[in-house]
Amino acid sequence: MPRPRRPRRRMPNSTVQFPLSKSDLDTAVRKAVAAYWRARSGQAKRQSQRGGSDTGTRGEVTGGQHLNAFSELIVDVVRLAGFTDSEIRLKSGVELPGYFRPTKKWDIVVVRDGRLCAAIEMKSQVGPSFGNNFNNRSEEAIGSSTDFWVAYREGVLGPHQPWVGYFLLVEESDKSVSPVRMSRAVFEPMPIFNNTSYIDRYAILCQRLVLERNYTAAALLTSPRGISGAFREPTSALSFEHFVRSLFGHLVGVEGSRNA
């Protein structure tokens, strides 16, 4: 079956300045990273107090709210672009129809006057099972976006092109930064994957997801375990600033078209 043609990207409205300075944004990201690690450790502690026995780090994620601080930060940017809380869906009302399945839950959905303006997927990964989780995350990201754009092609998401984002936070540890031996394969893998760490592979994944128009923009952050808020961005093309600037520009264009 031929690959579905994805719509061309709209150019952001360049007449409206992004309202947050790089310094303010970096400070907000550090706070969100620290909150992420506090949430994970708090969930694991509560699980232990209840006598649970989740294997590995699963006890840290069973609460499902560990990226809340990042969600709120992105929602703040959406508000600054001129959208009201009634137009921003977070935690509930985030199901969108698919093509290969009836619906899929996104993490943030922005809707105005029946128009889908933006949809954002937010994921994270901590060790120790980076190998299995990398494959799972890759399959989720590719599958969700493919399902989304074929549904868009079929007209079930409306006629207007939405902005679609993918956010990923990965634990920075010895296992995620060290080069990984290539698995045996029937044919030779692409050379770009030679001598790469899992973080390198996540960067390749995110860059190619944007290159192939699976997502309008992607953000990749890495952070060592702890509550200092320290973080790193492996490539500027996947920085959080670039991610939210792209989102803001698209939404300002939607706001401008309404006021025209």
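The values are calculated or read from the model by the stated rules, or taken from the named source; none is laboratory data. Model, not experiment: these values are computed from the prediction. Note that we place each Cβ from the backbone using ideal geometry, even for glycine, and neighbour counts take in every protein chain shown. The protein model used for the area step is the full one, side chains on, heavy atoms only, and it has no ligands, DNA or RNA in it. Shrake-Rupley method; radii C 1.70, N 1.55, O 1.52, S 1.80 Å.
Residues that are open to solvent by 60 Å² or more (accessible area, probe 1.4 Å) and touching a residue at least 40 places away in the same chain (Cβ under 8 Å) are absent from segment 247-254. Residues considered: VAL156, VAL110. Of these, the only one that is more than 25 Å from TYR202 (Cβ to Cβ) and in a strand (DSSP E or B) is VAL110.
Residue-by-condition table, conditions (1) in a helix (DSSP H, G or I); (2) open to solvent by 20 Å² or more (accessible area, probe 1.4 Å):
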| site | (1), (2) |
| --- | --- |
| GLY165 | no, no |
| ILE199 | yes, no |
| CYS206 | yes, no |
| VAL210 | yes, yes |
| GLY226 | no, yes |
| ALA230 | no, yes |
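Before we move on, is GLN65 surrounded by fewer than 17 Cβ atoms within 10 Å (Cβ to Cβ), closer than 23 Å to ILE227 by Cβ, within 18 Å of the chain's Cα centre (by Cα) and polar (S, T, N, Q)? So GLN65 passes the test. For beta carbons closer than 9 Å, sequence separation of 6+ or different chains, a first residue in segment 170-186 that is over 23 Å from THR235 (Cα atoms) and free of Cβ contacts under 8 Å to residues at least 24 places away in the same chain and a second that is part of a loop (DSSP other than H, G, I, E, B) and open to solvent by less than 60 Å² (accessible area, probe 1.4 Å), the qualifying pairs are SER183/PRO189. Can you tell me which residue within segment 214-224, out of those that are closer than 30 Å to ARG153 by Cα, in a loop (DSSP other than H, G, I, E, B) and not aromatic (Phe, Trp, Tyr), is most open to solvent (accessible area, probe 1.4 Å)? Looking at the filtered set, the residue picked out is THR216. If you go through segment 73-105 and keep only what is open to solvent by less than 50 Å² (accessible area, probe 1.4 Å), under 16 Å from the mean Cα position of the chain (by Cα) and more than 23 Å from LEU25 (Cβ to Cβ), you end up with VAL94, LYS104. Against the criterion of being crowded, with 19+ Cβ neighbours inside 10 Å and farther than 21 Å from SER145 by Cα, VAL244 does not qualify.
Screening LYS45 with (1) in a helix (DSSP H, G or I); (2) charged (D, E, K, R); (3) at pLDDT 95 or above gives one miss only, at (3).
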